[in-house]
Amino acid sequence: MPKHLVIVESPAKAKTIKRFLGKDYDVEASMGHVRDLPSSTLAVDVDGDFEPEYEVPEAKKAVVKKLKASLKEADELWIATDEDREGEAIGWHLTQILKEDPKTVKRIVFHEITEGAIKEAVAHPRTLNMKLVDAQQARRVLDRLVGYTLSPFLWKKVYRGLSAGRVQSVAVRIIVDREREIKAFVAEEYWTVDAILETGEKIPFSAALQKHDGQKLELTNGDDVKKVVSDLDGADYSVASIDEKELKKTPPAPFTTSTLQQEGARKLGFSVKQTMAVAQQLYEGVSLGKGEGMSGLITYMRTDSVNLSQKALADAKETVEKLYGREYVLSEPRTYKTRSKGAQEAHEAIRPTEISRTPQSLAGVLDHQQLKLYTLIWNRTMATQMAAAELKRVGADIQARNYTFRATGQTVTFDGFMRVYQEGRDDGDAKKEDDVEPGEKLLPKLVQGDLLTLTELLKTEQHFTKPPPRYTEAALVKKMEEEGIGRPSTYAPTISTIQQRGYIEKDGKQLIPKDVAFMVTDLLAEHFKDIVDLAFTAKMEQQLDDIAEGDVSGSGFLKAFFVPFKNLVNEKTAEIQKKDVMKERILGIDPETKKEVVARIGRFGPYVQLGLLENLPEKKKGEKKIKLKSASIPKHISLDDVTLEQALSLLSFPKELGILNGAPVTVAFGRFGPYLRNGEVTVSIPPDKDLLTITLADTEGIIKEAAERKKKAATPLRELGKDPAGATILIKDGRFGPYASDGKTNASLGKKRDPQTITLEEAVELIANKVKRGPRKWGKRG
């Protein structure tokens with residue numbers, strides 16, 4: 001009979017840890033938090049000490065029942081949740097549900113799930129850190145107070161379905177402010193002039209014009225360029241001066257949560273959420289086979305620290321010498337200082353648990369996403385303990401009359417850490433002196449005083465300055481970290497939330513704010529400026545960290561914030577009218593009906609409307625509510641830019657384009673955008689087609705493909721038999737891949753199940769699990 005019950009968060013983590021503990025240990029998973037605030041009410045005692053009222057969610061009742069039963073068979077409870085505030089809070093909630101004293105429960109922490117780390121943790125247990133629990137609880141309650149107080153305000157003044165949050169609203173503002181910078185940007189013209197020159201040995205190279213009479217030269221129009229070309233007609237070119245510089249480039253620090261998310265986006269194309277999900281898999285454990293069993297491959301992935309353990313440093317040194325040679329080995333380990341504000345979550349950077357375990361050795365074990373991320377982490381860790389790269393930069397000033405040209409070249413004399421890793425860059429990042437350009441740009445040997453030959457006419461080129469780039473997920477994480485907004489564990493859910501709530505959409509890697517994001521940001525900035533103020537939010541983050549240090553009372557902090565905040569919300573709720581927020585843009589008059597045509601924002605985005613609500617006759621009892629004709633504005637047209645002509649065209653829908661397959665082809669608007677209907681076929685209009693100009697010929701291919709897809713979906717791949725209730729279980733191929741269906745519920749097979757080999761029992765279980773999960777939930781408020 002097990003004497004010890006060890007509780008972790010996930011089954012994968014439980015399976016890995018169980019392997020390292022003896023038969024006296026029973027390891028169970030809590031599946032995350034076993035208690036939470038109910039979704040239906042505020043559940044915080046705002047008239048008292050701000051105590052939260054927790055409940056066990058319906059989905060967790062079976063888990064709790066199992067844990068209670070397991071505890072009855074054990075002598076002792078051990079909490080082995082993650083080493084951060086969230087993990088500490090999960091452990092505390094477990095003690096409350098299982099009715100165990102937090103002061104006597106054994107708490108073990110480890111930064112990696114390896115045999116050595118687990119046994120070391122078991123040998124040195126501690127008690128739960130209630131300061132960390134208080135800090136996490138204060139953060140959770142604060143987010144609930146902001147979300148559940150401000151979101152209803154938005155529902156009343158804008159429309160239902162919107163949400164506001166302490167971190168998400170600031171993230172939206174950052175993206176909105178950048179979009180306004182881009183819209184306000186006025187491109188400025190500038191010109192460059194290059195000379196293609198040749199040495200006496202007939203070796204060509206180029207030089208860029210930089211100065212006139214020793215002063216920096218800026219060419220802003222074609223006339224300036226013509227004067228330069230005229231001045232230099234027939235000029236002699238000679239080497240005025242040469243300078244050489246030797247540079248050393250050092251590697252970036254080991255990965256923290258933030259930098260891993262950024263590089264995962266830049267180098268692998270992963271979303272922040274995807275990076276964290278794959279990192280979680282690598283941390284919790286992967287089966288290595290060949291008798292090795294389950295083992296964690298990386299250290300804990302939620303951390304602000306850039307430290308590496310002494311063992312990791314020693315292992316890295318040994319591996320560098322073995323794989324790359326002594327010239328790449330450091331005489332002393334390279335260390336880094338943590339620069340993140342409020343860094344306190346963990347004690348080591350993200351690194352491989354065993355640095356000698358190369359990516360190549362895991363190629364047959366990991367899936368492609370896991371291998372990509374593990375390779376990124378391994379390469380970065382190795383780079384931090386490799387010799388600096390050595391560069392040689394050569395610059396030459398070329399004189400032609402009173403104009404100075406500049407030629408530059410670089411050579412990598414020793415690649416050092418660059419042999420395994422170079423850090424990615426975001427668009428708009430400032431260039432650093434030690435940045436290494438792709439490939440090597442060499443200059444021929446030049447001597448001061450050498451005469452040069454201009455081999456062709458001066459190369460002149462017109463340019464225009466570019467606006468600042470839109471934020472990507474990587475750039476947004478970087479900005480939030482720099483400003484002290486949120487903490488490592490909040491970046492991924494924040495970015496997911498602002499997209500799910502309809503504030504932001506992705507175009508490739510770019511994050512683009514929708515019209516409602518501008519409206520809500522302006523509303524909050526005008527009436528609740530602290531909520532979307534970066535400095536205020538960063539200060540609040542620091543106060544939450546102070547609670548973890550025991551310097552600030554959680555209830556005192558919450559009361560000081562909430563009382564004036566709630567009063568302000570009440571005041572603004574009474575003061576602001578919905579019509580003042582939902583400002584209409586009157587575009588003009590419809591020549592046919594003589595009614596006003598207006599542009600507005602609604603629950604499903606921007607739209608145009610024929611007529612004004614206030615001009616409608618008063619509704620009499622028993623009469624149906626009159627609806628004004630409206631049409632959604634396509635994504636490529638902004639609310640501020642839509643014209644009367646475009647609005648009238650949009651309001652003309654639905655309209656018939658002609659006859660195809662013996663039935664009319666109709667273009668219409670639906671909840672999810674413009675679509676085509678032809679007989680029984682209904683299909684969305686692809687984004688590359690403009691519904692205002694689409695023709696019957698344009699629709700033929702779209703409708704044909706949709707019809708074939710519908711026919712394919714109607715024909716099952718396999719019929720497996722009947723379930724216990726008598727329903728026929730079919731395997732079908734849908735838009736998002738194969739799925740099992742009983743005629744009422746469809747359940748995706750996912751990537752791991754083959755539609756040709758799945759059994760009836762497996763399909764029935766999939767469908768049952770889908771029914772048990774219920775309808776998909778699109779995030780929480782707050």
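The values are calculated or read from the model by the stated rules, or taken from the named source; none is laboratory data. The structure displayed is predicted, hence computed values, not measured ones. Virtual Cβ from ideal backbone geometry, glycine too; neighbours counted across all protein chains shown. Accessible surface is based on the protein model in full, side chains and every heavy atom, while ligands, DNA and RNA are left aside. Shrake-Rupley method; radii C 1.70, N 1.55, O 1.52, S 1.80 Å.
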- Which of the residues that make up the range 222-235 are in a helix (DSSP H, G or I) and either free of Cβ contacts under 8 Å to residues at least 24 places away in the same chain or open to solvent by less than 20 Å² (accessible area, probe 1.4 Å) (or both)? 223, 225, 226, 227, 228, 230
- Message: Step by step: first the residues of the range 88-142, then only those that are assigned to a loop (DSSP other than H, G, I, E, B) and of a type in the set (Asp, Glu), then the one that is nearest to the chain's Cα centre (by Cα). Which residue is that?
- Response: 112
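Here are some residues: 32, 22. Which one is surrounded by fewer than 17 Cβ atoms within 10 Å (Cβ to Cβ), touching an Asp or Glu at 6+ places or on another chain (Cβ under 9 Å) and modelled with pLDDT under 95?
On the way: 22 fails: touching an Asp or Glu at 6+ places or on another chain (Cβ under 9 Å).
On inspection, the qualifying residue turns out to be 32.
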- Which ones in the range 53-75 are touching a residue at least 12 places away in the same chain (Cβ under 8 Å), charged (D, E, K, R) and closer than 24 Å to residue 23 by Cβ? 66, 68, 73, 75
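Can you say whether residue 39 is surrounded by fewer than 21 Cβ atoms within 10 Å (Cβ to Cβ), within 29 Å of residue 488 (Cβ to Cβ) and in contact (Cβ under 8 Å) with a residue 60 or more places away in the chain, as far as the supplied structure shows?
On the way: surrounded by fewer than 21 Cβ atoms within 10 Å (Cβ to Cβ): yes; within 29 Å of residue 488 (Cβ to Cβ): yes; in contact (Cβ under 8 Å) with a residue 60 or more places away in the chain: yes.
Yes; evaluated as a whole, the condition is true for this residue.
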- Starting from residues that are more than 36 Å from the chain's Cα centre (by Cα) and outside any helix (DSSP H, G or I), keep the ones in the range 307-331 and report whichever is surrounded by the most Cβ atoms within 10 Å (Cβ to Cβ). 325
- Item | residue 512 vs. criteria outside any loop (DSSP other than H, G, I, E, B), over 30 Å from residue 200 (Cβ atoms) and either at pLDDT 90 or above or aliphatic (A, V, I, L, M) (or both) | yes
- Item | the range 183-207 residues that are under 16 Å from residue 218 (Cα atoms), paired with ones that are polar (S, T, N, Q) and exposed (fewer than 12 other Cβ atoms within 10 Å of the Cβ) (beta carbon under 7 Å, 6 or more apart) | 187/465; 188/465; 189/220; 189/221; 190/220; 190/465
- Item | Criterion: β-branched (Val, Ile, Thr), closer than 24 Å to residue 152 by Cα and open to solvent by less than 90 Å² (accessible area, probe 1.4 Å) - qualifying residue of 573, 643 | 573
- Query: In the list 166, 178, 173, 139, which residue meets the criterion of being farther than 30 Å from residue 457 by Cβ, in contact with a helix residue (DSSP H, G or I) (Cβ under 7 Å, 6 or more places away or on another chain), at pLDDT 95 or above and basic (Lys, Arg)?
  - Reply: 173
- Note on the structure: Apart from one, (1) hydrophobic (A, V, I, L, M, F, W, C); (2) open to solvent by 30 Å² or more (accessible area, probe 1.4 Å); (3) farther than 30 Å from residue 297 by Cβ; (4) not in a loop (DSSP other than H, G, I, E, B) all hold for residue 46; the odd one out is (4)
- Message: Can you tell me which of (1) of a type in the set (S, T, N, Q); (2) part of a strand (DSSP E or B); (3) open to solvent by less than 50 Å² (accessible area, probe 1.4 Å) is the one residue 682 doesn't meet?
- Response: (3)
- Note on the structure: The one condition residue 498 fails out of (1) part of a loop (DSSP other than H, G, I, E, B); (2) buried (at least 21 other Cβ atoms within 10 Å of the Cβ) is (1)
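Look at the range 3-22 and say how many of its residues are assigned to a loop (DSSP other than H, G, I, E, B) and out of contact with any helix residue (DSSP H, G or I) (no Cβ under 8 Å at 6 or more places or on another chain).
First, the residues of the range 3-22 that are assigned to a loop (DSSP other than H, G, I, E, B): 3, 9-10, 21-22.
Right, trim to out of contact with any helix residue (DSSP H, G or I) (no Cβ under 8 Å at 6 or more places or on another chain) and you get 3, 22.
Residues that pass the stated criteria total 2.
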- Query: Restricting attention to the range 245-259, does a residue exist that is open to solvent by 30 Å² or more (accessible area, probe 1.4 Å), in contact with a Lys or Arg (Cβ under 8 Å, 6 or more places away or on another chain) and not hydroxyl-bearing (Ser, Thr, Tyr)?
  - Reply: yes
- Quick one: in the range 586-612, of everything that is in contact with a Leu (Cβ under 9 Å, 6 or more places away or on another chain) and of a type in the set (Lys, Arg), which residue is farthest from residue 520 (Cα to Cα)? 595
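Given the criterion under 30 Å from residue 606 (Cα atoms) and in contact with a Gly (Cβ under 9 Å, 6 or more places away or on another chain), identify the matching residue among 178, 144. Please lay out each step first, then the result.
Working: 178 fails: in contact with a Gly (Cβ under 9 Å, 6 or more places away or on another chain).
After applying the criteria, what remains is 144.
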- For the range 348-455, which strands (runs of 3 or more DSSP E) that fit wholly inside it have 1 or more residues that are small (Gly, Ala, Ser)? 389-400, 403-414
- Message: Within the range 685-711, take every residue that is more than 22 Å from residue 646 (Cβ to Cβ), under 34 Å from the mean Cα position of the chain (by Cα) and buried (at least 16 other Cβ atoms within 10 Å of the Cβ) and give me the one that is modelled with the highest pLDDT.
- Response: 702
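Is it the case that residue 461 is of a type in the set (Asp, Glu), touching a helix residue (DSSP H, G or I) at 6+ places or on another chain (Cβ under 7 Å) and either modelled with pLDDT of 90 or more or open to solvent by less than 70 Å² (accessible area, probe 1.4 Å) (or both)?
Values: of a type in the set (Asp, Glu): yes; touching a helix residue (DSSP H, G or I) at 6+ places or on another chain (Cβ under 7 Å): no; either modelled with pLDDT of 90 or more or open to solvent by less than 70 Å² (accessible area, probe 1.4 Å) (or both): yes.
So residue 461 does not fit the description; no.
For residue 572, indicate whether it is of a type in the set (Lys, Arg) and either in a helix (DSSP H, G or I) or touching a Pro at 6+ places or on another chain (Cβ under 9 Å) (or both).
Values: of a type in the set (Lys, Arg): yes; either in a helix (DSSP H, G or I) or touching a Pro at 6+ places or on another chain (Cβ under 9 Å) (or both): yes.
Yes; evaluated as a whole, the condition is true for this residue.
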- Which numbered condition trips up residue 719, out of (1) open to solvent by 30 Å² or more (accessible area, probe 1.4 Å); (2) more than 29 Å from residue 62 (Cβ to Cβ); (3) out of contact with any Ser or Thr (no Cβ under 9 Å at 6 or more places or on another chain)? (3)
- Query: Mind checking which residues of the range 589-633 are open to solvent by 50 Å² or more (accessible area, probe 1.4 Å), in a strand (DSSP E or B) and hydrophobic (A, V, I, L, M, F, W, C)?
  - Reply: 589
- Task: Can you tell me which residue among 552, 532 is among the aliphatic types (A, V, I, L, M), crowded, with 16+ Cβ neighbours inside 10 Å and either more than 28 Å from the chain's Cα centre (by Cα) or modelled with pLDDT under 90 (or both)?
- Result: 552
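In the range 204-221, which residues are surrounded by 12 or more Cβ atoms within 10 Å (Cβ to Cβ) and not in a strand (DSSP E or B)?
The answer is 217, and nothing else.
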- If we keep only residues of the range 649-658 that are touching a Leu at 6+ places or on another chain (Cβ under 8 Å) and not hydroxyl-bearing (Ser, Thr, Tyr), then the residue surrounded by the fewest Cβ atoms within 10 Å (Cβ to Cβ) is 658
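Pick from the range 261-295 the residues that are of a type in the set (Gly, Ala, Ser) and in contact with a strand residue (DSSP E or B) (Cβ under 8 Å, 6 or more places away or on another chain): which of them is modelled with the lowest pLDDT? Even if it seems obvious, please write down each step before you answer.
Start the filter on the range 261-295 by keeping residues that are of a type in the set (Gly, Ala, Ser), which leaves 264-265, 269, 271, 277, 279, 285, 287, 289, 291, 293, 295.
The next check asks that each one be in contact with a strand residue (DSSP E or B) (Cβ under 8 Å, 6 or more places away or on another chain); those that pass are 265, 279, 285, 287, 293, 295.
Details: 265: 94, 279: 96, 285: 90, 287: 87, 293: 82, 295: 90.
Checking each candidate, the answer is 293.
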